[in-house]
Amino acid sequence: MPANEGRYAKLRPGHKHAELMGAFKTPTLRGLVGTAPYFHDGVEKTLEDVVTYYDRGGNANPFLDPKLRDAAAEQAYRADAKTYKGPEVKVTTADGRPVIPMPLKLTDQEKKDLVLFLKALQGDPVDPIVADPTKSAAAPVAAK
């Protein structure tokens with residue numbers, strides 16, 4: 001089984017959907033600080049690395065989410081690959097369609113601001129009583 005099958009690999013036969021190939025659960029943004037490395041395979045070591053990853057449009061692969069792909073460039077390539085002048089096509093899907101990531105083109109300041117925003121989502125630690133209700137002061141006392 002390929003390591004990057006994502007949610008597809010976890011499903012029982014008869015319940016598998018091709019759109020889940022390469023899809024992974026996206027965790028909450030709260031509390032990201034201190035949870036490095038990031039992504040399902042731990043490939044990005046810092047939040048700055050994560051922002052850089054998305055800024056370049058992710059990594060070209062056959063399962064790249066359509067929302068991260070440059071549809072106009074892919075269409076231009078399919079129309080005439082010989083005269084195509086857009087970003088380099090490094091990956092194609094199994095049926096030969098090009099996969100071209102869509103870069104965000106963030107400025108250095110926008111990247112810094114985004115990282116600061118993500119860090120600001122850290123929030124306060126959860127109160128121990130809420131985190132572990134068995135340690136609540138209101139827990140019933142055993143009879144003697």
### Query
What number of residues within the range 63-98 are out of contact with any strand residue (DSSP E or B) (no Cβ under 8 Å at 6 or more places or on another chain), surrounded by 12 or more Cβ atoms within 10 Å (Cβ to Cβ) and of a type in the set (V, I, T)?
0
### Message
List the residue pairs whose Cβ atoms are under 9 Å apart, where the first residue sits in the range 47-58 and is buried (at least 16 other Cβ atoms within 10 Å of the Cβ), the second is of a type in the set (K, R), and the two are 6 or more positions apart or on different chains.
### Response
L47/K119; V51/K111; V51/K112; D55/K105; D55/K111; G57/R69; G58/R69
### Message
If I go through the range 108-124 residue by residue, how many of them are modelled with pLDDT under 90 and surrounded by 13 or more Cβ atoms within 10 Å (Cβ to Cβ)?
### Response
1
### Task
Considering only the range 54-68, state which residues are of a type outside the set (A, V, I, L, M) and either in a loop (DSSP other than H, G, I, E, B) or modelled with pLDDT under 95 (or both).
Y54, R56, G57, G58, N59, N61, P62, F63, D65, P66, K67
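The values are calculated or read from the model by the stated rules, or taken from the named source; none is laboratory data. These numbers were taken from a predicted model, which means no experiment stands behind them. Glycine also receives a Cβ, built like all others from the backbone with ideal geometry; neighbour counts cover every protein chain displayed.
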